[in-house]
Amino acid sequence: MSNTHALQISVLGLGQMGAPIARNLVARGFAVRVWNRDAAKTASVPGATPCATIAEAVAGADVALTMLADDAALREVTLGAGGLLDALPSGAVHLGMSTVSLAIVSELAKAHAARGQEYIASPVFGRPDVAAAAKLFVVPGGPTGTLERLAPLFAAIGQATFPMATPEQAAQAKLAGNFMIAGTLEILAEALAFGEKGGIDPEKLMGLFTGTVFGSPIVNRYGGMIARAEFEPAAFALRLGLKDVNLVLAASQQLGLSMPVASVVQQHLVSAVDKGLGDIDFAGVSTIVREEAGLGAVRR
Ligand code: NAP
């Protein structure tokens, strides 16, 4: 990898998260090329070089940063015809920021190593507005030397980095965190429905929670969204939240532990998707909890 200031970065995947990340890299002076399946989105990163193919985007790249929806998208972009594995120069890093399974992370780490390339999993915490403010929490996993060389990139997009020893551990740490978020959503939805059954206004109850011992960024933000029934436009789509809870449960099965809270949230998320709510915000799972409590999907 060349030195920091000459670092050539390709960003593949310009959705809600990839686009602000790419814009911040441009703003911090990195040379950035961008590619997206729907090519129109390359216009969302002024100052970057738009590329029509993955091969064009990663020619001469030091780092190919992927921020794609899920395992299937990452697999297609990496292992598909004309994909990253064939196109990335030897010695370059594939920095995978999507939230994906442990299995695909292991598979890609092996596949890249066999080509003399390196796969670093680097999932992030923070929603699109946090990404836009360059305040993400970055969880990169891989050899220390590589993570140190990537530090200027992490600093350009985030406020703190939490290194893990391997790509698999980075993916697992992210899933553990998303399980915390999903479980917190379920608890908030149940607690607010419980209070409402007794006639307590959810916003008033949130004031109690955030003003006493429960305040945290997740509780404050998601609790407020649930209390106000603000689920659109989605910053993190409910269908992606279900994807993550499914990944947690798949990994927990492989590891031989049961995670009953994850199973409850999974059922509620599946019900929400079945009702056509996959594209509202993750916090919208609370509508299912409300219905089960006999409150009606949304407070009137
Ligand atoms: P998004 O807005 O739905 O963007 C998804 C991206 O994946 C788009 O660029 C899309 O391309 C691309 N894609 C999907 N299927 C593809 C395929 N088969 N081939 C090529 N490209 C494909 O999602 P996001 O919110 O940016 O999330 C991206 C990742 O970050 C996910 O793994 C998510 O779990 C994780 N994440 C999200 C948040 C959040 O708050 N949103 C926070 C932390 C982590 P098109 O534009 O062509 O559809």
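The values are calculated or read from the model by the stated rules, or taken from the named source; none is laboratory data. Worth saying up front: this structure is predicted, and the values here are computed from it rather than measured. Quick reminder, even Gly has a Cβ in these numbers, built from the backbone with ideal geometry, and neighbours come from all protein chains shown. Only protein heavy atoms, including side chains, enter the accessible area calculation; ligands, DNA and RNA are left aside. Shrake-Rupley method; radii C 1.70, N 1.55, O 1.52, S 1.80 Å.
Taking segment 126-206 as the region of interest, the helices (runs of 4 or more DSSP H) fully inside it that hold 3 or more residues being in contact (Cβ under 8 Å) with a residue 60 or more places away in the chain, more than 30 Å from ARG290 (Cα to Cα) and within 16 Å of the ligand (Cβ to nearest atom) are 167-197. Would you mind stating whether ALA193 is outside the structural domain of ASP129 (by TED's automatic domain parsing), in contact with a Pro (Cβ under 8 Å, 6 or more places away or on another chain) and open to solvent by less than 40 Å² (accessible area, probe 1.4 Å)? For ALA193, the condition - outside the structural domain of ASP129 (by TED's automatic domain parsing), in contact with a Pro (Cβ under 8 Å, 6 or more places away or on another chain) and open to solvent by less than 40 Å² (accessible area, probe 1.4 Å) - is not met. Among the residues making up segment 77-87, those that are of a type outside the set (Ser, Thr, Tyr) and either under 13 Å from the mean Cα position of the chain (by Cα) or crowded, with 16+ Cβ neighbours inside 10 Å (or both) are VAL77, GLY83, LEU84, LEU85, ALA87. Within segment 207-238, the residues that satisfy the criterion of being part of a loop (DSSP other than H, G, I, E, B) and either surrounded by fewer than 19 Cβ atoms within 10 Å (Cβ to Cβ) or in contact (Cβ under 8 Å) with a residue 60 or more places away in the chain (or both) are THR212, VAL213, PHE214, GLY215, SER216, ALA229, GLU230, GLU232, PRO233, ALA235, PHE236. Among residues of segment 33-45 that are farther than 13 Å from VAL11 by Cα and modelled with pLDDT of 95 or more, those with a beta-carbon under 9 Å from a residue that is in a loop (DSSP other than H, G, I, E, B) and near the ligand (Cβ under 10 Å from one of its atoms) at least six positions away or on a different chain give the pairs ASP38/LEU14. So, LEU150, is that one buried (at least 21 other Cβ atoms within 10 Å of the Cβ), more than 14 Å from the chain's Cα centre (by Cα) and modelled with pLDDT of 95 or more or not? Against the criterion (buried (at least 21 other Cβ atoms within 10 Å of the Cβ), more than 14 Å from the chain's Cα centre (by Cα) and modelled with pLDDT of 95 or more), LEU150 qualifies.
For SER10, the criteria (1) touching a strand residue (DSSP E or B) at 6+ places or on another chain (Cβ under 6 Å); (2) surrounded by fewer than 24 Cβ atoms within 10 Å (Cβ to Cβ); (3) of a type in the set (S, T, N, Q) hold in every case but one, which is (2). Please find, within segment 39-72, the residue that is surrounded by the fewest Cβ atoms within 10 Å (Cβ to Cβ) out of those that are part of a strand (DSSP E or B) and away from the ligand (no atom under 14 Å from the Cβ). So, considering only residues that are part of a strand (DSSP E or B) and away from the ligand (no atom under 14 Å from the Cβ), the one surrounded by the fewest Cβ atoms within 10 Å (Cβ to Cβ) is THR49. Annotation: of all residues in segment 14-38 being among the hydrophobic types (A, V, I, L, M, F, W, C) and open to solvent by less than 30 Å² (accessible area, probe 1.4 Å), the one that is nearest to the ligand (Cβ to nearest atom) is LEU14. Here MET1 fulfils each of the conditions (1) modelled with pLDDT of 95 or more; (2) in a loop (DSSP other than H, G, I, E, B) apart from (1).
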